[in-house]
Structures are given as C-alpha cells and as structure tokens.
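The values are calculated or read from the model by the stated rules, or taken from the named source; none is laboratory data. This structure is a prediction, so every number in the text was calculated from the model and none was measured. Counting neighbours? That spans all protein chains shown, and the Cβs are built from the backbone with ideal geometry, glycine included.
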C-alpha cells in the first residue's frame, strides 16, 4: 500500500537494501570529493590508519554506488 502525498511520487527514494547501501555511500563520496578538491584526501587519511587497502575498497564502493544510481535514474521507467 502506498501512502499518498509528495513522497509517493518520488521515484528515486531508496526502496531496496541495495538502494539504501548506495544512498549511504553517495554522500560519503560527495564529502570525500569536497575534501579532495581542497587537496586533502580525508578517506585516505582516516582509513589508511586502520588498514591500507580499506580506503581503496571504500572508493570502489562509492564508485559502484554512483554507477548504480545513474543506471537507476536513467533506466527507470517513465511514469506518465
């Protein structure tokens, strides 16, 4: 059952577990990119202390999340 209102028309609202995981990584990537533009790789500095390849894994997950959302946005069926 869908709830009527403005959120009922929002096709890009996370609906599956994969949607939620991707929507968590996208803002992390946005903030990391913002720091990268200012010559500070915040993910590298934070995650490299824990385990050196961890920052690379997170960057790959961010990239995969971005590609997933691009496909979801442009491949979703057009309503009305």
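Of these, 26, 70, which one is at pLDDT 80 or above, part of a helix (DSSP H, G or I) and loosely packed, with under 12 Cβ neighbours inside 10 Å?
Checking each option against the conditions leaves just 70.
Take the stretch 34-55 and flag every residue that is part of a helix (DSSP H, G or I) and in contact with a helix residue (DSSP H, G or I) (Cβ under 9 Å, 6 or more places away or on another chain).
34, 35, 36, 42, 43, 44, 45, 46, 47, 54, 55
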